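The values are calculated or read from the model by the stated rules, or taken from the named source; none is laboratory data. This structure is a prediction, so every number in the text was calculated from the model and none was measured. All Cβ positions, glycine included, derive from the backbone under ideal geometry; neighbour counts span all protein chains shown.
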Amino acid sequence: MAKNLKINDKVLVISGDHKGTEAKIVKIDRAGHKACLEGIGLVERHMKKSYMNPSGGKKTIHQGIDLSNLKLVEAAAPVKSKASKADAKKTDKKAEKADKKKAKKGAK
């Protein structure tokens, strides 16, 4: 299983009906070892009329491709995490405490 694959990575299908095509990963199901690719493996499901879906009809869903059939071509750009305001305040307080300790040691 390829654990290095993530959402928005560009992959190459190395076996199966779509062999040789490149696509972007939309969703990953780690439990089932499957990845949903953009534009590949789309299947139409016929929906029965129900309370939640009163008109019934067709719904297009992704059919997953096994992770072992995919090869990483281009990794997605890493997302820079923005520190929250609370984290910034904590670091400021720690810096202030360190400055106070230095000031006390210098005064003696």
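Structural remarks
- Looking at region 1-81, none of the strands (runs of 3 or more DSSP E) lying wholly inside it contains 2 or more residues that are touching a helix residue (DSSP H, G or I) at 6+ places or on another chain (Cβ under 6 Å) and modelled with pLDDT under 90.
- A search for C-beta distances below 7 Å between a residue of region 19-33 that is in contact (Cβ under 8 Å) with a residue 12 or more places away in the chain and any residue that is loosely packed, with under 14 Cβ neighbours inside 10 Å and part of a strand (DSSP E or B), counting only pairs 6+ apart in sequence or on different chains, returns 22/73.
- Close Cβ contacts (under 8 Å, 6 or more residues apart or on different chains) running from residues in region 54-75 that are farther than 17 Å from residue 36 by Cβ to residues that are in a loop (DSSP other than H, G, I, E, B) and among the basic types (Lys, Arg) comprise 55/49; 56/48; 56/49; 75/6.
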